[in-house]
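Reading through the C-alpha coordinates given below for one structure.
The values are calculated or read from the model by the stated rules, or taken from the named source; none is laboratory data. Not measured: the values here are computed from a predicted model. Please note: Cβ atoms are built from the backbone with ideal geometry, for glycine as well, and neighbour counts cover all protein chains shown.
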Amino acid sequence: MWDWASFLHYIHSPYLLTGAAISLGLSVGAMLIGLVLGLIAAMMRMSERRWLRLPASGYVWLFRGTPVLVQLIIIYTGLPQLGIQLGVVASALIGLGLNEGPISPRSSARGSWPCPRARSRPRAPSA
(Lines give C-alpha, C1' and ligand atoms only; values in the text may rest on other atoms or scores of the structure.)
Protein backbone atom coordinates (compact mmCIF):
# COMPACT_ATOMS: atom_id res chain seq x y z
CA MET A 1 0.00 0.00 0.00
CA TRP A 2 1.31 3.42 -0.95
CA ASP A 3 2.07 5.68 2.02
CA TRP A 4 1.65 9.31 0.95
CA ALA A 5 2.76 10.66 4.33
CA SER A 6 6.16 8.95 4.08
CA PHE A 7 6.52 10.01 0.46
CA LEU A 8 5.82 13.66 1.23
CA HIS A 9 8.10 13.51 4.26
CA TYR A 10 11.05 12.29 2.17
CA ILE A 11 10.39 14.50 -0.84
CA HIS A 12 10.82 17.57 1.38
CA SER A 13 13.95 16.18 3.00
CA PRO A 14 16.75 18.77 3.29
CA TYR A 15 19.21 16.20 1.91
CA LEU A 16 17.18 15.72 -1.26
CA LEU A 17 16.60 19.44 -1.73
CA THR A 18 20.30 20.20 -1.22
CA GLY A 19 21.23 17.44 -3.67
CA ALA A 20 18.78 18.74 -6.24
CA ALA A 21 20.17 22.27 -5.91
CA ILE A 22 23.76 21.04 -6.31
CA SER A 23 22.78 18.92 -9.33
CA LEU A 24 21.01 21.84 -10.95
CA GLY A 25 23.98 24.13 -10.32
CA LEU A 26 26.41 21.58 -11.74
CA SER A 27 24.24 21.11 -14.82
CA VAL A 28 23.97 24.82 -15.56
CA GLY A 29 27.66 25.43 -14.83
CA ALA A 30 28.75 22.51 -17.02
CA MET A 31 26.56 23.73 -19.88
CA LEU A 32 28.06 27.22 -19.66
CA ILE A 33 31.61 25.90 -19.55
CA GLY A 34 30.82 23.52 -22.41
CA LEU A 35 29.30 26.31 -24.48
CA VAL A 36 32.38 28.51 -24.09
CA LEU A 37 34.81 25.65 -24.76
CA GLY A 38 32.71 24.44 -27.67
CA LEU A 39 32.64 27.84 -29.34
CA ILE A 40 36.40 28.22 -28.90
CA ALA A 41 37.00 24.72 -30.27
CA ALA A 42 34.67 25.37 -33.22
CA MET A 43 36.49 28.56 -34.15
CA MET A 44 39.84 26.82 -33.81
CA ARG A 45 38.72 23.87 -35.94
CA MET A 46 37.52 26.19 -38.71
CA SER A 47 40.86 27.99 -38.80
CA GLU A 48 43.17 27.55 -41.76
CA ARG A 49 46.13 27.46 -39.39
CA ARG A 50 47.14 23.93 -38.54
CA TRP A 51 48.55 24.84 -35.13
CA LEU A 52 45.03 25.97 -34.12
CA ARG A 53 43.13 23.10 -35.75
CA LEU A 54 45.16 20.24 -34.29
CA PRO A 55 44.76 21.01 -30.56
CA ALA A 56 41.04 21.60 -31.00
CA SER A 57 40.62 18.37 -32.95
CA GLY A 58 42.63 16.52 -30.31
CA TYR A 59 40.46 17.94 -27.53
CA VAL A 60 37.27 16.91 -29.33
CA TRP A 61 38.69 13.46 -30.14
CA LEU A 62 39.86 12.81 -26.57
CA PHE A 63 36.79 13.97 -24.71
CA ARG A 64 34.26 12.44 -27.11
CA GLY A 65 36.15 9.15 -27.15
CA THR A 66 36.29 8.48 -23.42
CA PRO A 67 33.37 7.89 -21.05
CA VAL A 68 32.45 10.76 -18.74
CA LEU A 69 32.85 8.55 -15.67
CA VAL A 70 36.46 7.78 -16.62
CA GLN A 71 37.12 11.50 -17.11
CA LEU A 72 35.61 12.34 -13.72
CA ILE A 73 37.66 9.66 -11.97
CA ILE A 74 40.86 10.87 -13.63
CA ILE A 75 40.14 14.49 -12.69
CA TYR A 76 39.17 13.68 -9.10
CA THR A 77 41.89 11.12 -8.33
CA GLY A 78 44.57 11.90 -10.91
CA LEU A 79 44.99 15.63 -10.45
CA PRO A 80 45.94 15.30 -6.74
CA GLN A 81 48.83 13.09 -7.90
CA LEU A 82 50.07 16.16 -9.78
CA GLY A 83 49.59 18.41 -6.76
CA ILE A 84 46.28 19.93 -7.84
CA GLN A 85 43.74 19.54 -5.03
CA LEU A 86 40.10 20.01 -6.01
CA GLY A 87 36.90 19.41 -4.09
CA VAL A 88 34.17 17.07 -5.21
CA VAL A 89 31.95 19.79 -6.66
CA ALA A 90 34.83 21.57 -8.40
CA SER A 91 36.05 18.29 -9.91
CA ALA A 92 32.56 17.46 -11.12
CA LEU A 93 32.06 20.93 -12.60
CA ILE A 94 35.37 20.84 -14.47
CA GLY A 95 34.88 17.26 -15.64
CA LEU A 96 31.32 17.75 -16.83
CA GLY A 97 32.19 21.08 -18.47
CA LEU A 98 35.15 19.56 -20.33
CA ASN A 99 32.94 16.68 -21.42
CA GLU A 100 30.16 18.98 -22.62
CA GLY A 101 32.52 21.13 -24.71
CA PRO A 102 33.17 18.76 -27.64
CA ILE A 103 29.47 18.29 -28.28
CA SER A 104 28.87 21.86 -29.45
CA PRO A 105 31.75 22.53 -31.92
CA ARG A 106 30.06 20.63 -34.72
CA SER A 107 26.78 22.46 -34.38
CA SER A 108 28.53 25.78 -33.77
CA ALA A 109 30.76 25.32 -36.80
CA ARG A 110 27.87 24.29 -39.03
CA GLY A 111 25.78 27.22 -37.90
CA SER A 112 28.52 29.71 -38.64
CA TRP A 113 29.23 28.67 -42.24
CA PRO A 114 28.09 31.31 -44.68
CA CYS A 115 24.92 30.50 -46.54
CA PRO A 116 25.28 30.25 -50.34
CA ARG A 117 23.94 33.23 -52.23
CA ALA A 118 21.24 31.15 -53.92
CA ARG A 119 19.79 30.20 -50.55
CA SER A 120 20.05 33.61 -48.98
CA ARG A 121 17.13 35.04 -50.97
CA PRO A 122 13.63 33.66 -50.83
CA ARG A 123 12.32 32.00 -53.92
CA ALA A 124 9.85 33.81 -56.12
CA PRO A 125 6.35 32.38 -55.86
CA SER A 126 5.56 30.04 -58.69
CA ALA A 127 2.45 30.80 -60.72
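Meeting the requirement of 2 or more residues that are modelled with pLDDT under 90, the helices (runs of 4 or more DSSP H) wholly within the stretch 78-127 are 104-112, 117-120. Checked across the stretch 37-45, the condition of being out of contact with any Leu (no Cβ under 9 Å at 6 or more places or on another chain), more than 10 Å from residue 101 (Cβ to Cβ) and among the charged types (D, E, K, R) holds for no residue. Residues in the stretch 11-34 that are assigned to a loop (DSSP other than H, G, I, E, B) and among the hydroxyl-bearing types (Ser, Thr, Tyr): 13 only. For residue 23, the test of being more than 28 Å from residue 68 (Cβ to Cβ) and among the hydroxyl-bearing types (Ser, Thr, Tyr) is failed. Under the condition of being under 13 Å from residue 97 (Cα atoms) and free of Cβ contacts under 8 Å to residues at least 40 places away in the same chain, the residues counted in the stretch 46-63 number 1. When the stretch 66-88 is limited to residues that are exposed (fewer than 13 other Cβ atoms within 10 Å of the Cβ) and β-branched (Val, Ile, Thr), the one that is nearest to residue 26 (Cα to Cα) turns out to be 88. Can you confirm whether the stretch 35-50 contains a residue that is of a type in the set (Lys, Arg) and at pLDDT 90 or above? Checked the stretch 35-50: at least one residue is of a type in the set (Lys, Arg) and at pLDDT 90 or above. Report, by residue number, each residue of the stretch 1-35 that is touching a residue at least 40 places away in the same chain (Cβ under 8 Å) and among the aliphatic types (A, V, I, L, M). Within the stretch 1-35, 22, 26, 30, 31, 32, 33, 35 qualify. Is it fair to say residue 38 is surrounded by 15 or more Cβ atoms within 10 Å (Cβ to Cβ) and part of a helix (DSSP H, G or I)? For residue 38, the condition - surrounded by 15 or more Cβ atoms within 10 Å (Cβ to Cβ) and part of a helix (DSSP H, G or I) - is met.
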